Amino acid sequence: MMIQSFVRMSFLLAGVAVCLTMNVAPAEVRAADLPVADVALAEDAIEQDGVRKDRDVRAGGKRTAVILPFKEDINPLSGALLKRKFEAAVESGVDVIIFDIHSPGGFTYVTFELMDMVLDAKDVETVAYIEKDAISGAALFSLAMDTILMKPDARMGDAGEIVMGEDGAYRYTEAKSRSVLAQKARDTAEATGRSLALAEKMTDKDMVVYRATNANTGEKRFLSDKEHAAMPDADDWELGTPIREAGKEMFFIANGRRAVELGMADQTVSGKEDLARVLNVQSPIPEVQRSWVDTFVLLLNMKVFTFLLLLIGLVALAIELSAPGIGVGGLVSCLCFGLFFWSRFLGGTSGWLEVMLFLMGLLFIAAEVFVIPGFGVAGIMGLALSLGSLVMASRRFSLTDGGVDWTSLSNDVALVLGAFLAFLVAAIFLTSYMGQIPGLSRLTLQAEVAPSDSFVVTDSAPAWQRVELGQTGTTVSPLRPGGRIEIDDMMLDVVTEGDYVGPGNSVRVIAKQGTRVVVRLIEDSVNS
């Protein structure tokens, strides 16, 4: 039965989703990407005279390190991949993790997650190496590191938050969102021992930062005009000249030389070859390259591949429902949707909620097709849940204090709806011509006529043997799509091609497959 096929395939799809969404990739990445780390871990196990030897002592005072490149914008996908690399590096036991940053920034909430990731890291030193640019969110991410090393002409800063307006133009975000960002910058600077005023100035173009001196103690520090005005001992602080990079109507940004002068960076370096000397780590420093898993995930998250996965998965699902049992269509559909959710799991845009909503949507649609006649609430809810879960799993939008990023949301909705509309066109084509396409014709239900001399049908034979193709009968129960009809005083169980047929209507036998008899409604006999 078609409903049994659907249920079996639903369980199969759930099983595939469970297997594919298991986070097994990081272990593979650890082994492939951190060869030095494995050696270091093995050396940690060496004991002499019952006393563990320290790794730094064995290496002549040199620590172990690894470089994690991050040379792209900050988005849910790139953030999730970097998190997996960072977790693998921490678990490998290295002493220093160097982020090779060259990024224009990106999503604010992903930036916050990456900042918290390094701030919460224990027993490992985090280093930001800026060779060219760390702008906007990338500057805040660098600010969360224990150490910041920059090439003299590299740039860091300009972390003002912008949002696209309804007219399509980008503009400064609302005060509420800016306040959250400014406080995050201040808290991060305080945690890493850098200037709170300059860190906040990265996010606030309206304030001005000065060099200030306490007239009583001689203490020197950077103070903003807003901060100075709110201090209870403001009279004790003398404001000097403003910092050139932190003036009115500009976000703080500085090159490597200037960042070191202002205390926002720790040291300038000539390049990667200088990192080992400055950080006192073993050389050469291994660099984690993108693995095949990461490349595959990136490909599957591209719009064109997402569209193909959804389209092929839906078409294969329709083909599977046209024939009993689990066949090629069911396996292909499970593979496509399994890969879709797996890539979203590792890409950081999906969780189990989206998978469960998708499966619930399929169950609602199955109930509408096989149990409830017509097309009503269950069918609409099923479509809404299925398509909505696909949009949620593909999300590149965020709910910010400035509102919904409607551009990204509309792109995701258009992608999913486009795949669904393409599926409807493909379904119409396959319904009309699949029986004529070589290979696919074997997946359709074809009428079979047994040779006249194959067996002798007697009056005592079962009804399904005595009925012949083309005979007409009357339904005595609803066909949903299975039910009972009467032909020449014979009662037999039949199924339709998927349509609902009410009782008292005339139907014609169009196919026989063993004990399975398929009928079709005679339109002129519809019982009103």
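Suppose the filter is open to solvent by less than 50 Å² (accessible area, probe 1.4 Å), of a type outside the set (Ser, Thr, Tyr), touching a His at 6+ places or on another chain (Cβ under 9 Å) and on the phi < 0 side of the Ramachandran plot; does Ala234 pass it?
yes
If you go through region 241-259 one residue at a time, how many are surrounded by fewer than 13 Cβ atoms within 10 Å (Cβ to Cβ) and over 40 Å from the mean Cα position of the chain (by Cα)?
Initially, region 241-259 is screened for residues surrounded by fewer than 13 Cβ atoms within 10 Å (Cβ to Cβ), giving 241, 244, 248-249.
Next, only the ones that are over 40 Å from the mean Cα position of the chain (by Cα) stay: 241, 244.
Result for region 241-259: 2.
Identify all residues within region 468-517 that are more than 28 Å from Ile319 (Cβ to Cβ), aliphatic (A, V, I, L, M) and surrounded by fewer than 16 Cβ atoms within 10 Å (Cβ to Cβ); write none if there are none.
Val476, Met490, Met491
Between a residue in region 126-144 that is within 14 Å of Thr188 (Cβ to Cβ) and any residue that is open to solvent by 10 Å² or more (accessible area, probe 1.4 Å) and among the basic types (Lys, Arg), which pairs come within a Cβ distance under 7 Å, given they are 6 or more apart or on different chains?
Taking only residues 6 or more apart or on different chains, the pairs are Leu143/Arg194.
Determine, yes or no, whether Asp266 is charged (D, E, K, R) and either more than 24 Å from His102 (Cβ to Cβ) or at pLDDT below 90 (or both). Even if it seems obvious, please write down each step before you answer.
On the way: charged (D, E, K, R): yes; either more than 24 Å from His102 (Cβ to Cβ) or at pLDDT below 90 (or both): no.
Considered against the rule, which asks whether it is charged (D, E, K, R) and either more than 24 Å from His102 (Cβ to Cβ) or at pLDDT below 90 (or both), Asp266 comes out as no.
The values are calculated or read from the model by the stated rules, or taken from the named source; none is laboratory data. Please read these numbers as outputs of a predicted model, since none were measured by experiment. With ideal geometry, Cβ positions are generated from the backbone for all residues, glycine too; neighbour counts draw on all protein chains shown. All accessible areas refer to the heavy atoms of the entire protein, side chains included, with ligands and DNA or RNA removed. Shrake-Rupley method; radii C 1.70, N 1.55, O 1.52, S 1.80 Å.
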